[in-house]
Amino acid sequence: MSSRFRASLALLAVATLALAACDREERHSRAKPMGETVPAGTSPDTIWPGGTVPQTLDPRAKLYDNNAPAISQGQSLYSQMNCGGCHSHGGGGMGPALMDDEWRYGGRIDQIATSIAEGRPNGMPSWRSKLTEDQIWQLAAYVRSMSGQPSKDAVNSRADAMSATAPQTLTPRETVQTSDTAEQ
Amino acid sequence: MQRVACAYLVTLLCTAGAALTACHRSEQRQQYGSATVYGTAPAGNHAVAPPAASPADDGNWTMPSKDYAATRFSGLNQINPGNVSKLALSFTFSTATTHGYEAPPLVVNNTMYLITPFPNYLYALDLTKPGAPTKWVFKPKPVAASQGVACCDTVNRGAVYDNGKIFFNTLDGQTIAVDADSGQQVWRTQLGDIQKGETITMAPLVAGGKVLVGNSGGEMGVRGWVAALDEGSGKLAWRAFNTGPDKDVLIGSRFKPFYKSDQGKDLGVKTWPPEAWKIGGGTVWGWLSYDPETKLIYYGVGNPGPWNPDQRPGDNKWTTGVFARDVSTGEAVWFYQTTPHDLFDHDDINEIILADIPWNGQRRPVMFRPARAGFFYVQDRRTGQVLSAAPYGYVNGYRGVDLKTGQIIPNHDKDPKVGRVVRDICPAAPGLKDWNPSAFSPVTGLVYIPHNNLCMDFGAMQANYISGTPYVGADVKMYAGPGGNRGAFTAWDPIHQKKVWEIPEDLPLWSPALVTAGGVVFYGTMDGWFKAVDARTGKQLWQFKAGSGIIGQPISYKGPDGRQYIAFVAGVGGWAGAVVSAKMDTRDPTGALGFVNAVKDLPQKTTAGGMLYVFTLPR
Amino acid sequence: MSIQHYQSIFGNAATEVRQFNTLFVIFLVVCAVMYVAVIAFLIAGIARRRRAAEANTVEEGRHHESDPAMRTGLIAWGAVVGTGLVALAIASFVADRSMANAAAHEKLSITVTGNQWWWDVQYNAADNSKMVRTANELHLPVGVPVRIMLKSNDVIHSFWVPSLAGKQDLIPGRDTDITITPQKVGIYRGQCAEYCGAEHAKMALVVDVDSYPDFIKWWQHQLQTAPKPTTPLALAGYNYVTSRNCSACHAIAGTPASATVGPDLTHLASRRTLAASMPMSEGNLYGWVADPQSIKPGTKMPTIGLEPNELHAVVAYLETLK
């Protein structure tokens, strides 16, 4: 093999890798509005009388779960919509902690999107009438990043505000568990 | 030979070093919990409580502040420094709640009443029977969503007994009157709106035939108010807002503020950007006092919103100040603004202790206020004039109080800046002392102040207003102030404005104080130690480890058998204890508006609970 | 009067531009003279060399004695260059100091905060209750020095109204400022001059220079809260705007909507442009409210997907916000 041929081959390999990474950068700025697609995620893990029905994950999950622009936009929305006022930078407060492994209402992205859209009985407000579906899923993607769920090349490496927790590129991935009690 | 000498030297040095570090550690352990005495209590002519507002103790405890003067002083003297170490547990009771318990038990007619944090159960216990069995429990069933708009744990600061009824507030903004004997509801009035972010956590004050209630929500962009309900019917008699035009603030011809900066027309609008006063805070979530002679109520106003001060240039009247109002009409008589254009969330809602002090050969009616801003204010309660204001701990956010103009002197080095972090601001947002009230002993003339020693980093950012969601605009991290202790219990001479003795504590002190005529001071720590110290010297006489951290008011009452009892409920929480009661993640230091950074170790030191403990001397 | 779309940095609409132009002319003249002189000498040098070559003068490479005429000439040339540079330095210093002087004597203070991709404009007043908040548009009085404090909420932007002043960056976490003293009534266009993201090209602003009485009238009008809707359609729009998505980001004075994330809409319909890029018109308003992402893809305002009746109602209400 000539050196020139080897160089072109190497370039091709690099280009292919780069293209593979492109997926995470796709912006969905023209996402369909709410109501036109399948309803949001199912309620938390529950008992299905008569046997478990296989649950298909909402197709939107893969559009947002590891999507860098979605997580980035979710980060802005998180502080703009005052999520930080109740959940801090994941530590909780008025609302439960989002950076740990306990999820009262489910830690899958579609379950988080449902929590945001519908609200929850102990004080989580319902954002269905205030945010578009696209924005809610972006927020859900960002919430997932607080416990380290998305791949590390999709998350932000810096916070917008006062640096409080470890940068998300270093956040360890928590196991998604249910909360010990559905408490008050 | 050299090698041996070298090894010997190294060993010697290491041992010395280890000894030194051990020395330092044991020094630290000795440091927390033991008093340093700086002086003596004033002899003779000192401050006393005004008799009309502080009647003789009948052995009951009918309101959280004990009396209208807010002395939290028990006239009982069976327990004294000589015998307090013999205190024994008499009975206990589990309230079945695990959020922060800030309320005192009430005792009246040999019945003990307990109001819990959300869901605000009201228990009545029969003290005449052994073990104090439950007579009845009243469950108001407040809306569960109100938990989502309560900034600092879902606490309740107490119920009040008057005229055969118990009055209390629920988290979702209702005031309820319950018959003290039967436990049946007499009336229920909805005052707050959770959709706007309002809750009610304060203990009402019943005075002049009115039930006085104020809202919470200064971090939620609410508009603050105080309301008076008719004691018999629960109907709204008047409501005074703390921001907005004079007619809403009930400012009329009777209003005579002492200082020029508080004088003018419609200042509640003019000192704000347009429309900002409608979401400007100024809530009344703390304490009210009452002078039966002048028929004036006194209360402090909470912080302006949002925390980011750049969004609300101007003095932001009438927030972070003290109002005097007529109890029957609500009209304002005077106002003093402690921190105009508040920068650090220094709500002014702390207790207002009424006292009469010797002043230039006469008796002057004053109020004592250990404020969040860090100064102990002594003010004439007829006019609001500040007679003296001295820091009762370390303060660098302000340079002092100018007694000529009444204005606090800011330290502009500590001004918050949007997009930047300003560091080392003392006192931190909870202030040098937060809501947990001090106690005043007319016997010693001292004010017993359980408080914090915290500083903070403050990063301001633009806040977005959406009703029903937080409206803050700041990232905060708190930590221990100079000395390394996060709390301190100070005995303060209000006339000479100096410390008499002080006990440094490892954790911030979030519990109220109790002082008795017997000369014993009681308070609790956040890791569950209930302590009795000598009122004159601060020497610790006795302590008891409760099942959970203590942030609730201890009381003293006379039982049906004539003995003196000490009672409190242990249940850690509140703003300081939210890391435990709300199961927060300690890896985020900005949690609980910055408090988590200061008490990361609390989950190791205590757990959530809600248990009543009652002590007495053995027969 | 229509917007002067032709932006020229060589105008005379503001003191700062005039000062800049004066400076520019000085530089141009001095440098042109020098340029011409240098070229002349260069040509002369080439020509002389040619003649010398023709005359067969052989350069022996030996060091010539210094020629007094040459020495004088060089010294004179040095003096000319030195004088020219000093003149330029003085001119530059004077221009800079006089612009700073204007900044120190400002009579009006405005805070402009750059966001992706719109301008948040706030008029400061000693009486805080007279502050005014608007977006993408500045109104300035003629002859009055105005100091514009510049902040940014996200990335670096740059404030540039060529007809009135030079550029000044808006840097997050830092406060910068620019002073403008407009001298001619007119409407001028400006834009963001530092790449700030996908829609940097659609981050323009309009500066309306009025006579002082007109400016005060505009300010008084801006202090009015939004009028109550009178028609059923506008009322339906008001209900939608104050209870649905709009109020999560926008503020309209006099209504419950008080959010700060997006532009203040209280007097939206009386502005000259919409979304920092289009002329204000009913059609553009419909298009923008219906689908902002197709006009400015990636903008922070989402495409909500309004039903037709909701769209009519919202636009009807927004048009009442004059």
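For region C:200-213, check the following and say yes or no: at least one residue is farther than 28 Å from C:Ala103 by Cα, assigned to a loop (DSSP other than H, G, I, E, B) and under 24 Å from the mean Cα position of the chain (by Cα). No. Inclusion of B:His346 among residues that are assigned to a loop (DSSP other than H, G, I, E, B) and at positive phi is not warranted. Looking at the structure I just gave you, is A:Met94 of a type outside the set (D, E, K, R), within 8 Å of chain B (Cβ to nearest Cβ) and touching a Cys at 6+ places or on another chain (Cβ under 6 Å)? Yes, satisfied. Please go through region A:51-84 and give me each residue that is hydrophobic (A, V, I, L, M, F, W, C), open to solvent by 10 Å² or more (accessible area, probe 1.4 Å) and within 13 Å of chain B (Cβ to nearest Cβ), ordered by number. Within region A:51-84, A:Cys83 is the sole residue that qualifies.
The number of residues in region C:256-277 that are touching a residue at least 12 places away in the same chain (Cβ under 8 Å), open to solvent by 20 Å² or more (accessible area, probe 1.4 Å) and at the interface with chain B (Cβ under 10 Å from one of its Cβ atoms) comes to 2. Apart from one condition, B:Ile550 fits all of (1) under 18 Å from B:Glu102 (Cα atoms); (2) more than 17 Å from the chain's Cα centre (by Cα); (3) outside any strand (DSSP E or B); the exception is (2).
Are any residues in region B:547-569 within 20 Å of B:Asp57 (Cβ to Cβ), surrounded by fewer than 24 Cβ atoms within 10 Å (Cβ to Cβ) and small (Gly, Ala, Ser), and if so, which ones? The answer is B:Gly559, B:Gly562. Kindly indicate whether A:Asp100 is part of a loop (DSSP other than H, G, I, E, B), at pLDDT below 90 and among the charged types (D, E, K, R). No; evaluated as a whole, the condition is false for this residue. For A:Asn156, the criteria (1) open to solvent by 20 Å² or more (accessible area, probe 1.4 Å); (2) out of contact with any Gly (no Cβ under 9 Å at 6 or more places or on another chain); (3) under 28 Å from B:Asn597 (Cα atoms); (4) at the interface with another protein chain (Cβ under 7 Å from one of its Cβ atoms) hold in every case but one, which is (4).
Here B:Pro358 meets the list (1) closer than 23 Å to B:Ala70 by Cβ; (2) surrounded by fewer than 24 Cβ atoms within 10 Å (Cβ to Cβ); (3) at pLDDT 95 or above almost entirely, failing just condition (3).
Annotation note: of C:Lys300, C:Lys217, C:Lys228, the sole residue that is of a type in the set (D, E, K, R), outside any helix (DSSP H, G or I) and more than 12 Å from chain A (Cβ to nearest Cβ) is C:Lys228.
When the criteria are applied in full, A:Ser129 meets the requirement of being surrounded by fewer than 24 Cβ atoms within 10 Å (Cβ to Cβ), within 12 Å of chain B (Cβ to nearest Cβ) and small (Gly, Ala, Ser).
Of all residues in region B:40-72, those being open to solvent by 20 Å² or more (accessible area, probe 1.4 Å), out of contact with any Gly (no Cβ under 8 Å at 6 or more places or on another chain) and on the phi < 0 side of the Ramachandran plot number 11.
Restricting B:Pro603, B:Pro560, B:Pro508, B:Pro554 to those that are more than 14 Å from chain A (Cβ to nearest Cβ) and either in contact with a helix residue (DSSP H, G or I) (Cβ under 6 Å, 6 or more places away or on another chain) or small (Gly, Ala, Ser) (or both) reduces the list to B:Pro508.
Of all the residues in region C:133-149, those that are farther than 22 Å from C:Leu274 by Cβ and in contact with a Phe, Trp or Tyr (Cβ under 6 Å, 6 or more places away or on another chain) number 1.
Would you say B:Thr606 is touching a residue at least 12 places away in the same chain (Cβ under 8 Å), hydroxyl-bearing (Ser, Thr, Tyr), in contact with a Phe, Trp or Tyr (Cβ under 8 Å, 6 or more places away or on another chain) and open to solvent by less than 30 Å² (accessible area, probe 1.4 Å)? The answer is no for B:Thr606.
Against the conditions (1) on the phi > 0 side of the Ramachandran plot; (2) surrounded by 24 or more Cβ atoms within 10 Å (Cβ to Cβ), B:His341 satisfies every one except (2). If only residues of region B:454-495 that are of a type in the set (Val, Ile, Thr) and in a loop (DSSP other than H, G, I, E, B) are counted, the one that is farthest from the other protein chains (Cβ to nearest Cβ) is B:Ile495. Among the residues of region B:532-546, is any over 28 Å from B:Val476 (Cα atoms), open to solvent by 30 Å² or more (accessible area, probe 1.4 Å) and either hydroxyl-bearing (Ser, Thr, Tyr) or within 14 Å of chain A (Cβ to nearest Cβ) (or both)? Taking every residue of region B:532-546 in turn, at least one turns out to be over 28 Å from B:Val476 (Cα atoms), open to solvent by 30 Å² or more (accessible area, probe 1.4 Å) and either hydroxyl-bearing (Ser, Thr, Tyr) or within 14 Å of chain A (Cβ to nearest Cβ) (or both).
Report whether or not B:Trp277 is modelled with pLDDT of 95 or more, part of a loop (DSSP other than H, G, I, E, B) and open to solvent by less than 40 Å² (accessible area, probe 1.4 Å). Against the criterion (modelled with pLDDT of 95 or more, part of a loop (DSSP other than H, G, I, E, B) and open to solvent by less than 40 Å² (accessible area, probe 1.4 Å)), B:Trp277 does not qualify. Residues that are surrounded by 24 or more Cβ atoms within 10 Å (Cβ to Cβ) and either of a type in the set (D, E, K, R) or more than 9 Å from chain A (Cβ to nearest Cβ) (or both) within region B:573-584 comprise B:Gly573, B:Gly574, B:Ala576, B:Gly577, B:Val580, B:Ser581, listed in sequence order. Being open to solvent by less than 10 Å² (accessible area, probe 1.4 Å), part of a strand (DSSP E or B), modelled with pLDDT of 95 or more and on the phi < 0 side of the Ramachandran plot is true of B:Val521.
The values are calculated or read from the model by the stated rules, or taken from the named source; none is laboratory data. This is a predicted model, so every value here is computed, not measured. Ideal geometry is used to build each Cβ from the backbone, glycine not excepted, and the neighbour counts take in all protein chains shown. Just so you know, the surface numbers come from the protein's heavy atoms only, side chains and all, with ligands and any DNA or RNA stripped out. Shrake-Rupley method; radii C 1.70, N 1.55, O 1.52, S 1.80 Å.
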